[in-house]
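**Q** Take this structure, written in structure tokens, and hold onto it; I'll ask about it next.
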Amino acid sequence: MREDLGERMKKVAFVTLGCKVNQYDTDGMRGLFLAAGYEEAPFDSTADIYVINTCSVTHMGERKSRQLIYRAKKQNEQAVIVVTGCYAQLAPELIAAIEGVNIVIGTNERHQIVSLVEEYLADSDKHVRTAVHNVREYNRFEELPLYPMAISHTRAHLKIQEGCNNFCSYCIIPYTRGKLKSREIPHIVEEANRLVAHGFKELVLTGIHLGAYGLDLPDRPALADVVEALLQQTKAERIRLGSIESVEVSEKLIRLINEEERMCPHLHLPIQSGSNPILKAMNRHYTKEQFITLIEELRERIPDLAVTTDVIAGFPGESDELFEETLETVRQLGFSHIHAFPYSARQGTPAAAMKEQIPEAVKKERVRQLNQVSEEGQERYQKSLIGKTVAVLVEKVENNIAEGFSEQYIRVQFPASEEAAGHIVRAAIKGIENGTLIGEPV
């Protein structure tokens with residue numbers, strides 16, 4: 001009961017929907033609560049406070065967000081329900097009207113979350129609190145310090161950039177995250193050193209529009225400058241890049257990935273479509289031919305490079321012929337993984353008003369075909385690693401079998417003792433079983 005909270009340690013539970021940036025934001029908020037003396041509880045248990053970090057990229061994300069609100073309230077009717085993230089930013093009035101919601105926080109006010117909860121608990125007036133402001137008016141990166149104790153994974157996501165200026169015709173994110181905002185390099189290095197000191201072996205640089213990092217800062221540093229600073233000023237054993245746009249892969253970035261052993265030879269480059277008419281309708285700033293040429297050059301220069309991608313199936317106006325062109329393009333490119341998902345119309349975006357919307361059943365079938373191509377590409381890439389040695393960041397060891405991800409972000413298993421967990425171990429790849437590389441420790 002809320003009136004008993006002052007007599008014991010308060011329990012807070014978290015759940016995250018959506019992207020790696022959202023996961024970083026949840027880790028940041030978790031750290032703020034833990035530093036303030038709160039105890040974390042699993043989301044499916046009884047807690048005093050539930051924090052739901054929402055996603056609004058698709059209708060599915062919004063529906064799941066609402067379901068989680070109802071589930072939290074069912075688990076403890078007296079709990080304080082905090083809803084934050086993109087859906088909260090996009091539709092604060094709608095969220096606030098849901099029975100059981102107590103606090104709504106946008107995508108620029110998360111650093112206030114503990115004080116907002118404590119103010120709510122102390123106030124006899126239990127009306128819904130809303131801290132949501134116009135994200136397009138914010139020009140500064142929101143510093144949300146990442147407490148290492150709040151991270152439950154073996155790799156640490158390090159957010160260096162927020163917002164997007166691209167306005168792809170299907171995307172709601174510029175409306176929920178605002179304009180481009182970059183974190184200053186000294187702050188990035190400081191947080192990276194704190195994470196490394198806490199034992200994290202791999203840092204994953206994340207952002208909404210990662211490749212545009214620095215365009216808003218006075219001296220206009222680039223993503224490659226952040227990477228160079230981390231290589232020179234930290235002892236991070238491994239650095240991985242999050243999703244970046246193909247047109248933003250610079251010469252300096254290619255050189256660093258190629259020459260620096262601590263850089264993971266893995267790039268996630270969203271193609272979204274393999275058909276020029278659809279790319280133009282999406283307001284993407286490249287052609288199919290340019291993308292293909294880039295991938296060919298990257299593979300020539302970076303040994304064993306793994307390239308993963310995103311593809312939207314069923315964008316408005318995507319005829320059967322144009323989809324077949326996309327299938328042929330992604331087959332030709334041989335991605336090691338394709339994240340395929342159906343187009344979801346987002347109210348307020350240009351694509352939602354386009355004619356020739358594609359039936360859901362057609363989208364579902366196209367996703368199935370893309371997933372099949374993805375499996376074929378993954379198998380080909382895995383086979384190319386047989387006989388080679390990879391460095392595996394071990395996530396867990398069960399029954400003397402270690403499991404983790406290689407620098408190419410491919411899952412690997414090999415015999416090891418419990419002490420291997422959390423460490424990077426080199427393994428010689430011998431074969432494949434059930435989609436996982438099998439190796440022997442070197």
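**Q** Show the residue pairs meeting these rules: Cβ distance below 9 Å; 6+ apart or different chains; first residue within the stretch 18-33 and under 17 Å from T176 (Cβ atoms) and outside any helix (DSSP H, G or I); second residue at pLDDT 90 or above and open to solvent by 30 Å² or more (accessible area, probe 1.4 Å).
**A** If the second residue must be at pLDDT 90 or above and open to solvent by 30 Å² or more (accessible area, probe 1.4 Å), the pairs left are C19/I208; C19/S243.
**Q** When you check L279 against the structure, is it in a helix (DSSP H, G or I) and more than 15 Å from Y343 (Cβ to Cβ), yes or no?
**A** no
**Q** Tally up the residues in the stretch 177-203 that are touching a strand residue (DSSP E or B) at 6+ places or on another chain (Cβ under 8 Å) and closer than 19 Å to N283 by Cα, please.
**A** Adding up the residues that qualify gives 3.
**Q** For residues that are part of a loop (DSSP other than H, G, I, E, B), without any contact (Cβ under 8 Å) to a residue 60 or more places away in the chain and touching an Asp or Glu at 6+ places or on another chain (Cβ under 8 Å), tally how many sit in the stretch 232-248.
**A** 1
**Q** Moving on. Could you count how many residues in the stretch 205-231 are within 26 Å of E109 (Cβ to Cβ) and either without any contact (Cβ under 8 Å) to a residue 12 or more places away in the chain or surrounded by 17 or more Cβ atoms within 10 Å (Cβ to Cβ) (or both)?
**A** Adding up the residues that qualify gives 12.
**Q** How many residues are farther than 28 Å from C171 by Cβ, free of Cβ contacts under 8 Å to residues at least 60 places away in the same chain and open to solvent by less than 10 Å² (accessible area, probe 1.4 Å) if we restrict to the stretch 42-58?
**A** Of the residues in the stretch 42-58, 2 are farther than 28 Å from C171 by Cβ, free of Cβ contacts under 8 Å to residues at least 60 places away in the same chain and open to solvent by less than 10 Å² (accessible area, probe 1.4 Å).
**Q** Which condition number in (1) more than 28 Å from P342 (Cα to Cα); (2) touching a helix residue (DSSP H, G or I) at 6+ places or on another chain (Cβ under 9 Å); (3) open to solvent by less than 20 Å² (accessible area, probe 1.4 Å) is the one that E202 fails?
**A** (2)
**Q** Identify all residues within the stretch 59-87 that are open to solvent by less than 50 Å² (accessible area, probe 1.4 Å) and within 11 Å of L17 (Cα to Cα); write none if there are none.
**A** Scanning the stretch 59-87 gives G61, E62, S65, L68, T84, G85, C86, Y87.
**Q** Taking the stretch 148-199, which residues are among the β-branched types (V, I, T), under 18 Å from R346 (Cα atoms) and open to solvent by less than 10 Å² (accessible area, probe 1.4 Å)?
**A** I172, T176
**Q** Assuming T234 fulfils every condition listed in (1) under 30 Å from E296 (Cβ atoms); (2) buried (at least 16 other Cβ atoms within 10 Å of the Cβ); (3) not aliphatic (A, V, I, L, M) apart from one, which condition is it?
**A** For T234, the failing item is (1).
**Q** Identify the residue in the stretch 88-113 that is surrounded by fewer than 19 Cβ atoms within 10 Å (Cβ to Cβ) and among the acidic types (D, E) and, among all such residues, is modelled with the highest pLDDT.
**A** Restricting to residues being surrounded by fewer than 19 Cβ atoms within 10 Å (Cβ to Cβ) and among the acidic types (D, E), the top hit is E93.
**Q** Same structure, new question: Among the listed residues I113, I188, identify the single one that is in a helix (DSSP H, G or I) and more than 25 Å from I95 (Cβ to Cβ).
**A** Going through I113, I188 in turn, the sole match is I188.
**Q** While we're here: Note down all Cβ pairs under 9 Å where the first residue falls in the stretch 417-442 and is in contact (Cβ under 8 Å) with a residue 24 or more places away in the chain, the second is open to solvent by less than 50 Å² (accessible area, probe 1.4 Å) and among the acidic types (D, E), and they're at least six residues apart or on different chains.
**A** From residues that are in contact (Cβ under 8 Å) with a residue 24 or more places away in the chain, the pairs are I424/E202; I424/E407; T436/E403.
**Q** I would also like to ask the following. Mind listing whichever residues of the stretch 249-265 are open to solvent by less than 50 Å² (accessible area, probe 1.4 Å), within 18 Å of Y213 (Cβ to Cβ) and either in contact with a helix residue (DSSP H, G or I) (Cβ under 7 Å, 6 or more places away or on another chain) or not in a helix (DSSP H, G or I) (or both)?
**A** Of everything in the stretch 249-265, those that are open to solvent by less than 50 Å² (accessible area, probe 1.4 Å), within 18 Å of Y213 (Cβ to Cβ) and either in contact with a helix residue (DSSP H, G or I) (Cβ under 7 Å, 6 or more places away or on another chain) or not in a helix (DSSP H, G or I) (or both) turn out to be V249, S250, L253, I254, L256, M263, C264.
**Q** Identify, by number, the condition in (1) part of a helix (DSSP H, G or I); (2) open to solvent by 10 Å² or more (accessible area, probe 1.4 Å) that L327 doesn't meet.
**A** Going through (1) part of a helix (DSSP H, G or I); (2) open to solvent by 10 Å² or more (accessible area, probe 1.4 Å) one by one, L327 breaks only (2).
The values are calculated or read from the model by the stated rules, or taken from the named source; none is laboratory data. Only a predicted model underlies this, so the values are computations on that prediction, with no experimental measurement involved. Cβ: placed from backbone, ideal geometry, glycine included. Neighbour counts: every protein chain shown. Side chains are part of the model used for accessible areas, which takes the heavy atoms of the whole protein and leaves out ligands, DNA and RNA. Shrake-Rupley method; radii C 1.70, N 1.55, O 1.52, S 1.80 Å.
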